[in-house]
Each structure stands twice: as C-alpha cells, then as structure tokens.
Amino acid sequence: MNANTALWQRYQDWLYYNGELSLFLDISRMRFDAGFVEAMAPRFDQAFAAMAALEGGAIANPDEGRMVGHYWLRNPELAPTAALTAEIRSGVKAIADFATRVHGSQIKTPTGDRYTDVLSVGIGGSALGPQFVAEALAPNSPPMRVHFIDNTDPDGIARVLDRDGGCGPLRDRLATTLVLVISKSGGTPETRNGMVEIQTAFAAAAVPFAPNAIAITSPGSALDQRAVSEQWLARFPMYDWVGGRTSELSAVGLVAAALQGIDIHAMLDGAKAMDEATRVADLKTNPAALLALAWYWAGNGKGAKDMVLLPYKDRLLLFSRYLQQLVMESLGKEFDLAGDRVYQGIAVYGNKGSTDQHAYVQQLREGINNFFVTFIEVLEDGGPTKSVAVEAGDITSGDYLSGLLQGTRKALYDNDRESITLTVARVDGRTIGALIALYERAVGLYASLVNINAYHQPGVEAGKKAAAAILELQKQVLETLKAAGSPLGLAELAEETGQPAEIETIYFIVRHLAANDRGLTVEGSLAEPATLRVAWRG
C-alpha cells in the first residue's frame, strides 16, 4: 500500500460524522498509533465516568464546593431537581419573551420610543462568548445593534460611545439603548467601572439610566440588590453552577443574542444534540473524546504544543479568542487534583484562513514545530447570492477558500506538522451551539485525562488580589503626599507610606498619575527615578 492509499485508509478509519449536525471530524493527520490508543483506554474510561458524575450533579469544583451544570442549560431534564428543571425552562422563555416584547415595542423607552441598540458591559466569559456569537450569527440588518464594553480602558469605553457606525455615535442614542450589566458576583471591578462610566454618560446626556438598564447577575448579589433598589428595567439570573467561560448558553449570552434577533432556541438545540453525541462512552464515536485524544497526543499530556485555530470563514473570526479563554483558563493549572505541581495547559491562538496564509503559516510550515493546527471548514460558501466565477473554469472565491484550506493541510502534513480538521455544513445557530458544546466537553474530558480541575481559576483570582493591593497602595501614596509639607523623593515617599519594599510599584503609580494629570507635581526625570521628587498640588 503506497503512502497516499494508506493515508486515505487512515482518514476513513478515524473519520467521525454526525448526520444530525452535518459535522465531520478528522484526526487522521495526527500521527498517533494503535498502541497509544490502547494505552489511553483506561484513562478515557475514568474520564467518561467523571463526566457522567458531573452531569449528575457531583461536586466537580472541590475548591468552591460547586456543581458544574452548564450542560443542564440546553437539556433542563438533566438538572438534579424538578424545581431547577422548571427554573431553567422558565428562564429561557423569559429571555425570548423579553426580546419579543422589545422588538414589538411592547417594552419602550420612558419617552415611548423603540429601543435601537444594546450595550453589553462585561469581561471575560461575560464578553467573549456574546462577541463571538454576535460576529458569527447577527443578521446584516438586526432589530437592534449591539456594542460591547469588555475592559476598564477609559479610551476604549469612549471609543465605543463615540464610534459612528453609520447611525451617528452611540452617545447620541443612549435614550434608546438597553444596557446589559453582566457580573455573577456584582463586584467585578472592570464591569463596575464600565457601568459607572456609562452611567456618567447617561447623566451627561440627561437620560435616566435605570429604566434602560438590565442586570444579569446572581440573585441576591450586590448588583441584583442595586437593580431592585433603583428599579432597573429587568433582571436575569446567573447560576452559581455555571462558570463564566461556559456561560454563553445562559442569560449571559442569550439575552444579547435574542435582542439581536439570533435564534437562541437553535443554539440550545445544537448544543443539546452535541451533548448527546459527546455523552457516548466510546472513544471512536465521541467527537469530544477524539479531540481530547488528539490534544493529549500532540502535547504528550503536558501541553507541549500550542493549539493553532484556523477557521476558514470570516464569521468565525472570534472563535479562537473564545476558545483561548475556554481552553487556557480551564486547563492552565499549576497543581493537579492530588496537589502535585504539574504545570498543565494548552496555549491557543489563531485568526482565520486564508488571511493567515499571508501572516504566520510560513512559520507553521517551515519554522519551529511546536504546535498542531485545527482547521475549521464550512462547506457552504453562503452569502445572499451564488459566488461568482473569478477565473476560467468556473472557479469561485469560495473554491479558492476551500483549495487554500486543503492545500495548507497537505503542505503542513508533508512537512511533519500535525492537524485536525473540523467540518460543518454552514454557520447558523444550531452549528454555533454545537461547536460551543463540543469544545466544552473536550476540555472537560481532557482535564480528566490529566487529572486537573477544569472549573476553577486560582491564577485569575491571584491577579485580581494583586491588583487590589496595588490600588490600595495608590490610596496610601496619595494620602502620604497630601499630608507631606514638601516634595518627597521616591525612597522618602516609600518610607513615609510605610512600604519601603514597594518602591518600584510606587514609581509605577507616580508615573501613571503624573501622565494623567492627577494632581501631582513631579520634579526631575521620570526616566531617572533617582532624580524624582513628588508633591501633591491638588
């Protein structure tokens, strides 16, 4: 058997196809052998059992004592109690009904006008999922335009408010803008900051904020209490058992999607169908298990190679950003479940094909072999009209896109670079729901294979605590300068603040405050910290 015939046979042996979802998965260009598959079988038996327990309501996040139930969002019958099943069902209905009433002008602005825009304020999973879905699925003429504030960057927030998208700046349409404030705890600083900035913009425009505001948060949280006391327009719950990176099919993503006119029921149906497919406790007929197998092989169970995502479709541009959080926050862990230091994780990056043919595919083909590629192919070219011929032989732009994907896949394999190819028929709500569910399950299975907790994020929490400490130090620095009668050098300032070991951090604080004219007088050169003398001028 020649090499091409053997490769074709391997493709057929390992091809997964789901007719209900029109989805193909090919891992044949990963060079694992039968011995590896056999050796992994006991690990997969354990992973399947762990996943079944998780769906049954087991405490899957021991650090926080929480269940992990995002699978229940698309199949409420799986929820551990009848009351929770009913609550999930009524929650989806409430979201759909709310969007219908907004679109039909049964819910209007305080002045009786129709709402035109949605401004979503969130960070991390509260932003990445909704942004990905909006890019993939929002109609060309949506019933409401969507905008996102996903950082605590004042310039970025101002740009969102001032950007002219053909209808004038959003700042001029605040009276007809619904503001979604998304935070599970209600205390996420970045989201709080974005909300305060938007409230300030509403006040400057003499538009009341509360009648246009919607809280998406945990019942009883600080944000929820505020929404009640200020009589915000609406509140939708975030569940304790749904993590941010698996929250797109909860109110976090569904409210914004429904307001844009996206079929949220199709997304939930696609995810449910994929959950059923990935619940099968058999490696070769479970697409999520096949992905986990390929990931384990590529990185030797240690994340030794990066995952490069190449979706050959503009609508899927943000899929790699979405997966960065899902994969890296879930799998990037210092310790395993036994408490051993393991430094696990898989780095994810990518943009889209064929743009990356002209960006970094050169390195993928001929540079350091520290990655594996996941190609995402969409069979139907799409668009309102049939793709036109761009050269003789009736070759279309879509044909080029397909040819470039196949050519790159072959060129990489020929140079010993491994790849996975995931193929879907089209980009619609059902497909997007299925892709979200597929990767959620693959991450969960892989985490079981390497014995880590996929559902906590101690590194993120450590960064938040460090940032809070720096902001507290900034307050102390300002108090010290206000109390001082004369300029202080950096060393003096650190001593007077009671934090001599934090002189470098104090320098960074001073530099930032000085750059933003925050009431400091600075003598000397910022480029020569030893020369600096700082005073408060008010």
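The values are calculated or read from the model by the stated rules, or taken from the named source; none is laboratory data. What you see is a predicted model; the values in this text were computed from it and never measured. Here Cβ is always computed from backbone atoms with ideal geometry, including for glycine, and neighbour counts include all displayed protein chains. Ligands, DNA and RNA are excluded from the accessible area calculation, which covers all protein heavy atoms including side chains. Shrake-Rupley method; radii C 1.70, N 1.55, O 1.52, S 1.80 Å.
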Problem - Local electrostatic count, THR246, Cβ distance below 11 Å [Lys/Arg +1, Asp/Glu -1] - result: -1
Problem - Spin-label model distance (nm) - THR200 vs GLU20, 7 Å beyond Cα toward Cβ - result: 5.1
Problem - Length-normalised contact order for the range 274-401 - Cα pairs under 8 Å, 6+ apart - percent - result: 26
Exercise for the section: Report the label-to-label distance for LYS482 and GLN363 in nanometres (one decimal), using points 7 Å from each Cα along the Cα→Cβ vector. Expected result: 4.8
Fill in the blank from the handout: Sorted by chain and number, the residues with a modelled amide H under 5 Å from that of ALA281, at a separation of 5 or more or across chains, are none
Practice task
Please list 267-277, 21-31 highest first by mean number of surrounding beta-carbon atoms within 10 Å per residue.
Solution key: 267-277, 21-31
Exercise for the section: Would you work out the relative contact order for the range 36-195, in percent, from Cα pairs under 8 angstrom that are 6 or more residues apart? Expected result: 18
Exercise for the section: With +1 on each Lys and Arg Cβ and -1 on each Asp and Glu Cβ, and nothing else charged, work out how big the dipole of the range 413-536 is about its Cα centre, in Debye to the nearest 20. Expected result: 540
Problem - Sites ASP162 and ASP336 - FRET efficiency at Förster radius 45 Å, r taken between beta-carbons, to 0.05 - result: 0.40
Problem - Inter-part distance where the range 251-272 and the range 488-505 are each reduced to a Cα centre, Å - result: 52
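Placing unit charges on C-beta atoms (Lys and Arg positive, Asp and Glu negative, everything else neutral), compute the dipole magnitude of the chain about its Cα centre in debye, rounded to 20.
Numbers: 48 positive and 62 negative charges, 140 e Å.
Using only the charged Cβ atoms, the result is roughly 680 debye.
As an exercise, use a Förster radius of 51 Å and the Cβ-Cβ distance of THR5 and ASP113 to find the FRET efficiency, rounded to the nearest 0.05.
Numbers: r = 67 Å, r/R0 = 1.32.
E(calc), rounded to 0.05, equals 0.15.
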Completion exercise
HN-Hα couplings for the range 280-289 via Karplus (6.51, -1.76, 1.60; θ = phi - 60°), in whole Hz with x for Gly/Pro, come out as 5, 8, 8, 4, 6, 10, 10, x, 5, 5
Exercise for the section: Run the accessible area of the chain with a 1.4 Å probe and give the carbon-and-sulfur part as a rounded percent. Expected result: 51
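Please give the contour-minus-distance gain from ASN370 to ASN300: 0.36 nm per residue of separation, less the Cα-Cα distance, rounded to one decimal in nm.
Gain on extension, ASN370 to ASN300, equals 24.0 nm.
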Problem - Flagged links, alpha-carbon separation over 20 Å, of LYS93/LYS272; LYS184/LYS352; LYS302/LYS464; LYS284/LYS305 - result: LYS184/LYS352; LYS302/LYS464; LYS284/LYS305
Practice task
Sort the following peptides by mean Cβ neighbour count (other Cβ atoms within 10 Å, averaged over residues), highest first: 90-99, 420-429.
Solution key: 420-429, 90-99
Handout entry: For ILE376, residues with placed amide H under 5 Å, excluding near neighbours
Key = LEU310, TYR312, LEU422
Exercise for the section: Subtracting the Cα-Cα distance from 0.36 nm times the residue separation, let me have the gained length for GLN46 to ASP33 in nm, one decimal. Expected result: 2.6 nm
Fill in the blank from the handout: Note: the chain, point scatterers on Cα, Debye, no solvent; log10 I/I(0) at q = 0.08, 0.10 Å⁻¹ equals -0.62, -0.93
Practice task
Specify the angular offset, from 0 to 90 degrees and rounded to the nearest 10, of the alpha carbon long axis of helix 503-515 from the longest principal axis of the alpha carbons in the chain.
Solution key: 80
Practice task
Starting from the Cα of LYS386, draw a straight line to each of the lysines and keep only those under 17 Å, dropping any in the same chain fewer than 8 residues away.
Solution key: LYS313
Handout entry: LYS475 versus VAL390: modelled label distance in nm, points set 7 Å from Cα along the beta carbon direction
Key = 5.7
Practice task
Count charges around ASP263 for me, please; just the other residues with Cβ under 10 Å from its Cβ, Lys/Arg as +1, Asp/Glu as -1.
Solution key: -1
Problem - Per residue, in Å², the accessible surface of the range 1-116 once ligands and nucleic acids are set aside, probe 1.4 Å - result: 52
Exercise for the section: May I ask you to evaluate 6.51 cos²θ - 1.76 cosθ + 1.60, the Karplus curve with θ = phi - 60°, for each residue of the range 192-209 and list the ³J(HN,Hα) values in order in whole Hz, giving x for glycine and proline? Expected result: 4, 4, x, 4, 4, 4, 5, 4, 5, 5, 4, 5, 4, 8, 6, 10, x, 7
Exercise for the section: Counting only C-alpha contacts under 8 Å and six or more residues apart, can you give the relative contact order of the chain as a whole percent? Expected result: 16
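Full extension from GLU87 to HIS265: what is 0.36 nm times the residue separation minus their Cα-Cα distance, to one decimal in nm?
62.4 nm
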Practice task
Specify whether the C-alpha gyration tensor of the range 250-325 places it in the rounded, prolate or oblate class, a ≥ b ≥ c being the square roots of the eigenvalues: rounded for a/c under 1.5, otherwise prolate if a/b is larger than b/c and oblate if not.
Solution key: oblate
Practice task
Give, as a single signed number, the net charge of other residues whose beta carbon lies under 15 Å from the beta carbon of ALA514, with Lys and Arg counted +1 and Asp and Glu -1.
Solution key: +1
